[in-house]
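Visitor: One structure follows; several queries about it will come next.
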Amino acid sequence: MNENSAIAANLVEVERLIAASAAAAGRDPAGVTLVAVSKTHPQSAVREALAAGHRIFGENRVQEAAEKFPALRADFPDLRLHLIGPLQTNKVRDAVQLFDVIETVDRPRLRDALAREAVHAGRDIAVMVQVNTGEEPQKAGILPADADAFIETCRAAGGLALRGLMCIPPVGEEPAMHFALLAEMAKRHGLEQLSMGMSADFEIAIRLGATHVRVGTAIFGHRPPP
Ligand SMILES: *Cc1c(COP(=O)(O)O)cnc(C)c1O
């Protein structure tokens, strides 16, 4: 089976659903950015999406992105890549070279390492703060109780361009309350960007204010089990 042949059609369909959800919520569809999550899928699948005109991608591991994306970026300089998975401080330098946006800032040590790296790179680094809205012990993200203070320290940190907030609701829970909590938090801090919603729930996320939806399966097909 060649799932790649379906990628262009899937992109059209997901973009159509995004536009419809935005319109239904009285929002401008241009205010919702589709981050196509290509993790575990081969470089050829990303090329298929690029050929279809898509330019914004998400990966969750630095090593995998390093294997797939430098060659693609050479061919498509307007490609943009978001890191959507946990980042270890010893991989910060690589991450800053590979990614345009780090969506998963969630602890002081990482914040500080990124701020230091910004000085080294000679530019501000675009980041989002990941909030563990479900307070799941095994999941990354700053706990809601600590988020307000952490968000302010990220905003104040030199070298970080804080764009907004990101969350991954617990599997099997109604995501709407998590999206609403994140939206409320962003509003409180005057942050414009909200990265929330995946294949199963991006339409709900858009209704609740998502500016970035991270969609993998609905575009690239199923991933092999981890
Ligand atoms: C894998 C992943 C996605 C995409 O999930 P799908 O259900 O395949 O759309 C979105 N966000 C994060 C953080 C992910 O790790």
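Visitor: Quick test for you: out of Ala24, Ala30, Ala113, Ala49, pick the one residue that is aliphatic (A, V, I, L, M), open to solvent by less than 60 Å² (accessible area, probe 1.4 Å) and more than 17 Å from Gly221 (Cα to Cα).
Guide: On the way: Ala24 fails: open to solvent by less than 60 Å² (accessible area, probe 1.4 Å); Ala30 fails: open to solvent by less than 60 Å² (accessible area, probe 1.4 Å); Ala49 fails: more than 17 Å from Gly221 (Cα to Cα).
Sole residue among the options that is aliphatic (A, V, I, L, M), open to solvent by less than 60 Å² (accessible area, probe 1.4 Å) and more than 17 Å from Gly221 (Cα to Cα): Ala113.
Visitor: Still on this structure: Can you find, within region 154-174, the residue that is farthest from the ligand (Cβ to nearest atom) among those that are over 14 Å from the mean Cα position of the chain (by Cα) and charged (D, E, K, R)? Don't jump to the end; show me each part of the working.
Guide: Pass one, region 154-174, residues over 14 Å from the mean Cα position of the chain (by Cα): 154-161, 170-174.
Remaining after also requiring charged (D, E, K, R): 155, 173-174.
Details: Arg155: 23, Glu173: 15, Glu174: 16 Å.
Across region 154-174, the extreme among qualifying residues is Arg155.
Visitor: What pairs come out if I take residues in region 102-118 that are at negative phi and pair them with residues that are open to solvent by less than 20 Å² (accessible area, probe 1.4 Å) and among the polar types (S, T, N, Q) whose C-beta lies under 6 Å away, six or more apart or interchain?
Guide: These pairs meet every condition: Glu103/Ser195; Thr104/Gln130; Asp106/Gln130.
Visitor: Still on this model: Taking into account only those residues within region 17-39 that are within 16 Å of the ligand (Cβ to nearest atom) and out of contact with any helix residue (DSSP H, G or I) (no Cβ under 8 Å at 6 or more places or on another chain), which is nearest to Ala65 (Cα to Cα)? Don't jump to the end; show me each part of the working.
Guide: The first filter runs over region 17-39 and keeps only residues within 16 Å of the ligand (Cβ to nearest atom), leaving 17-18, 21, 32-39.
Next, from what is left, pick out any that are out of contact with any helix residue (DSSP H, G or I) (no Cβ under 8 Å at 6 or more places or on another chain): 33, 35.
Numbers: Thr33: 20, Val35: 14 Å.
Per the criteria, the residue is Val35.
Visitor: Then there is this: Suppose we filter Glu203, Glu184 for residues that are in contact with a helix residue (DSSP H, G or I) (Cβ under 7 Å, 6 or more places away or on another chain), in a helix (DSSP H, G or I) and either closer than 23 Å to Asp28 by Cβ or of a type in the set (Gly, Ala, Ser) (or both); which single one remains?
Guide: On the way: Glu184 fails: in contact with a helix residue (DSSP H, G or I) (Cβ under 7 Å, 6 or more places away or on another chain).
Just a single option satisfies the conditions, and that option is Glu203.
Visitor: Looking at Arg123, Arg155, Arg163 in this structure, which one is assigned to a strand (DSSP E or B) and open to solvent by 50 Å² or more (accessible area, probe 1.4 Å)? So that I can check it myself, show each step before the final result.
Guide: Details: Arg123 fails: assigned to a strand (DSSP E or B); Arg155 fails: assigned to a strand (DSSP E or B).
Only one candidate passes the filter, namely Arg163.
Visitor: Also: Within region 206-226, how many residues turn out to be open to solvent by less than 50 Å² (accessible area, probe 1.4 Å), assigned to a loop (DSSP other than H, G, I, E, B) and in contact with a Gly (Cβ under 8 Å, 6 or more places away or on another chain)?
Guide: Total meeting the criteria: 3.
Visitor: Is it the case that region 210-221 has a residue that's touching a helix residue (DSSP H, G or I) at 6+ places or on another chain (Cβ under 6 Å), farther than 22 Å from Val46 by Cα, aliphatic (A, V, I, L, M) and within 12 Å of the ligand (Cβ to nearest atom)?
Guide: No.
Visitor: Looking only at residues that are within 25 Å of Arg16 (Cβ to Cβ) and free of Cβ contacts under 8 Å to residues at least 24 places away in the same chain in region 175-199, which one is farthest from the ligand (Cβ to nearest atom)?
Guide: Among those that are within 25 Å of Arg16 (Cβ to Cβ) and free of Cβ contacts under 8 Å to residues at least 24 places away in the same chain, it is Gly197.
Visitor: Which of the residues belonging to region 47-66 are part of a helix (DSSP H, G or I), within 13 Å of the ligand (Cβ to nearest atom) and of a type in the set (Asp, Glu)?
Guide: First, pick out the residues of region 47-66 that are part of a helix (DSSP H, G or I): 47-51, 62-66.
Subset that is within 13 Å of the ligand (Cβ to nearest atom): 64-65.
Matches in region 47-66: Glu64 only.
Visitor: Determine the pairs where a residue that is more than 18 Å from Ile168 (Cβ to Cβ), located within region 137-154, has a partner that is at pLDDT 95 or above and outside any strand (DSSP E or B) with Cβ atoms under 7 Å apart, the partner being 6 or more residues away or on another chain.
Guide: Taking only residues 6 or more apart or on different chains, the pairs are Thr153/Arg111; Cys154/Arg111.
The values are calculated or read from the model by the stated rules, or taken from the named source; none is laboratory data. It should be emphasised that the depicted structure is a prediction, and the values quoted were computed from it without experimental measurement. Ideal geometry is used to build each Cβ from the backbone, glycine not excepted, and the neighbour counts take in all protein chains shown. Each accessible area value is taken on the protein alone, full model and side chains, heavy atoms only, with ligands, DNA and RNA left out. Shrake-Rupley method; radii C 1.70, N 1.55, O 1.52, S 1.80 Å.
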